[in-house]
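What follows is one structure encoded as structure tokens, with my remarks underneath.
The values are calculated or read from the model by the stated rules, or taken from the named source; none is laboratory data. This one's a predicted model, so the numbers in the text were calculated from it and none came from an experiment. Heads up, the Cβs are rebuilt from the backbone with ideal geometry, glycines too, and the neighbour counts pull from every protein chain shown.
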Amino acid sequence: MRQCLIYDGPGAEAKLIGLEYMISENLFLTLLDEEKPLWHSHEYEVKSGVLFLPGVPGPIELHGLDTVCKTYGKTIHFWQVDKGDNLPLGLPQLMMALTRDGQLYDQLAKGNRNVEKRFGVSIEKERAKRVELKGPDHGIHPLANGGGNGLIPKLREVDCKPADSVPRVFV
Amino acid sequence: MASSDKSPAPTPARGAVESTPPGKPMSMGQQVVDKGASMLQSLTPVKQISQHVCTFALYSHDMCRQIETHHYVSRLNQDFLQCPVYESDDSNARLIGIEYIISDRLFEALPTEEQKLWHSHAYEIKSGLWVNPRIPDIIGKPELENLAKTYGKFWCTWQVDRGDKLPLGAPALMMSPQGVNLGKVDPELVKKRDDKYNISSEEIRESRVEIEEPEWINPQADYWKQHGKGFAIDIEKTEMKLRAPFP
């Protein structure tokens, strides 16, 4: 199990936009079916080369990615900086991961954002290095990745318990 | 449908309250990767964390459920702070959520619907519940004057107090301690914290008497106080906008 803070950049001024938990396949399989859709697989992100560790030499990175490839993650974002929000507004958003070619907008990796240039990586070269890596032993669970559905948060009001129903002693 | 207020049915992921998540101990190989990465990477955003705050929070959908929290605070500018929140200050502490803290100036500019999700900090600070462990209160005082006027938005993603061994369900909105009825923190919880750090919240409260109350706390914040309602989050299915098949 790993827990990750997610920022929108690598600098001192970076905004803390969310968090992610990563668990092994074994732990994922213990989750209730209702919970599984909130988690996403990592196999494609790792094998396609889009996921990388900036500044970490290939062999060390590859060793780490071997494990990550088989894990599942649960990512929640609280700050939609891509909408131009300058404060963390609204409800927490459940995030999904990339799961196949064609989903990622080119301009994120290569175009004006140019992740490749900024971090000195080549996604194509990474993909070639990672050919041998394997995803979850039991294959990607069909309920993961939203179970194929989009998932959206909704706010619901609930009644507070009346104060005097709560047994409390205060000195 | 996953919700923040529905306790999951008993599963292997729930059970006795233990502080270690399930999972195998770290392999040697993993330790090599972690060591290598931490030596070679700057981790700059994380290094901006400049203080540790220990305080308490209450679940908006059930204010009887209260937790001790450990905020690791970084200041982005005069009006804004961001804090990963942990269940303790141990190296194996679970990351239970994130809180954002803004000045009253920024808060007043928020839409009314957004303000409902935020809570005030004045009571928490003046009452001595909010502390910087192991720092003499006098050092923290000037900052506290400023913080007493702020508002916070705190989402909890791992409900460890109900025994969840993994982060389950939808994120839960949290509220801050207040001086009235449902906002009061269980004295047992406070005592446990005070004993751990060898402090007295009572004494700290007395030493903070001079900290100015904010002139006004926006009634949209601490929504439960005026409206008797909390909030829960439900995660529902929806049609996904796609540019390629998924998954």
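For the stretch B:122-165, how many residues meet the condition of being buried (at least 24 other Cβ atoms within 10 Å of the Cβ), in a loop (DSSP other than H, G, I, E, B) and away from chain A (no Cβ under 14 Å)?
Final tally of qualifying residues: 1.
Identify, from the list A:147, A:139, the residue that is in a helix (DSSP H, G or I) and within 25 Å of residue A:29 (Cα to Cα).
A:147
Could you check residue A:133 against (1) farther than 28 Å from residue B:32 by Cα; (2) more than 14 Å from the chain's Cα centre (by Cα) and say which number it fails?
Evaluating residue A:133 over (1) farther than 28 Å from residue B:32 by Cα; (2) more than 14 Å from the chain's Cα centre (by Cα) leaves (1) as the failure.
Among the candidates B:60, B:88, B:103, which residue alone is among the hydroxyl-bearing types (Ser, Thr, Tyr) and surrounded by 21 or more Cβ atoms within 10 Å (Cβ to Cβ)?
The conditions single out B:60.
When the residues of the stretch A:14-30 are narrowed to those that are without any contact (Cβ under 8 Å) to a residue 60 or more places away in the chain and touching a Leu at 6+ places or on another chain (Cβ under 7 Å), which ends up nearest to residue A:145 (Cα to Cα)?
If we take residues in the stretch A:14-30 being without any contact (Cβ under 8 Å) to a residue 60 or more places away in the chain and touching a Leu at 6+ places or on another chain (Cβ under 7 Å), then A:23 is nearest to residue A:145 (Cα to Cα).
Taking only the stretch B:212-247 into account, find how many residues are under 19 Å from residue B:151 (Cα atoms), within 7 Å of another protein chain (Cβ to nearest Cβ), hydrophobic (A, V, I, L, M, F, W, C) and touching a Ser or Thr at 6+ places or on another chain (Cβ under 6 Å).
Of the residues in that region, 1 qualify.
Could you say whether any residue in the stretch B:216-235 is farther than 23 Å from residue B:80 by Cβ, touching a Leu at 6+ places or on another chain (Cβ under 7 Å) and in a strand (DSSP E or B)?
Among the residues of the stretch B:216-235, at least one is farther than 23 Å from residue B:80 by Cβ, touching a Leu at 6+ places or on another chain (Cβ under 7 Å) and in a strand (DSSP E or B), which makes the answer yes.
In the set B:60, B:42, which member is within 19 Å of the chain's Cα centre (by Cα), of a type in the set (Ser, Thr, Tyr) and facing chain A (nearest Cβ under 10 Å)?
Going through B:60, B:42 in turn, the sole match is B:60.
Within 21 Å of the chain's Cα centre (by Cα), surrounded by fewer than 20 Cβ atoms within 10 Å (Cβ to Cβ), touching a residue at least 60 places away in the same chain (Cβ under 8 Å) and within 10 Å of another protein chain (Cβ to nearest Cβ) - does that describe any residue in the stretch B:20-36?
Yes - at least one qualifying residue is present in the stretch B:20-36.
Of all residues in the stretch B:201-221, which are more than 13 Å from residue B:119 (Cβ to Cβ) and of a type in the set (S, T, N, Q)?
B:201, B:207
May I ask you to list the residues in the stretch B:170-185 that are more than 7 Å from chain A (Cβ to nearest Cβ) and assigned to a loop (DSSP other than H, G, I, E, B)?
Once the filter is applied, which keeps residues that are more than 7 Å from chain A (Cβ to nearest Cβ) and assigned to a loop (DSSP other than H, G, I, E, B), the stretch B:170-185 yields B:176, B:177, B:178, B:179, B:180, B:185.
Are there any pairs, at least 6 apart or on different chains, whose C-beta atoms fall under 8 Å, with the first in the stretch A:121-141 and of a type in the set (Lys, Arg) and the second exposed (fewer than 14 other Cβ atoms within 10 Å of the Cβ) and modelled with pLDDT under 95, and if so, which?
Listed by first residue and then by second, the contacts come to A:129/A:58.
Could you tell me whether residue B:191 is out of contact with any helix residue (DSSP H, G or I) (no Cβ under 8 Å at 6 or more places or on another chain) and within 9 Å of chain A (Cβ to nearest Cβ)?
For residue B:191, the condition - out of contact with any helix residue (DSSP H, G or I) (no Cβ under 8 Å at 6 or more places or on another chain) and within 9 Å of chain A (Cβ to nearest Cβ) - is not met.
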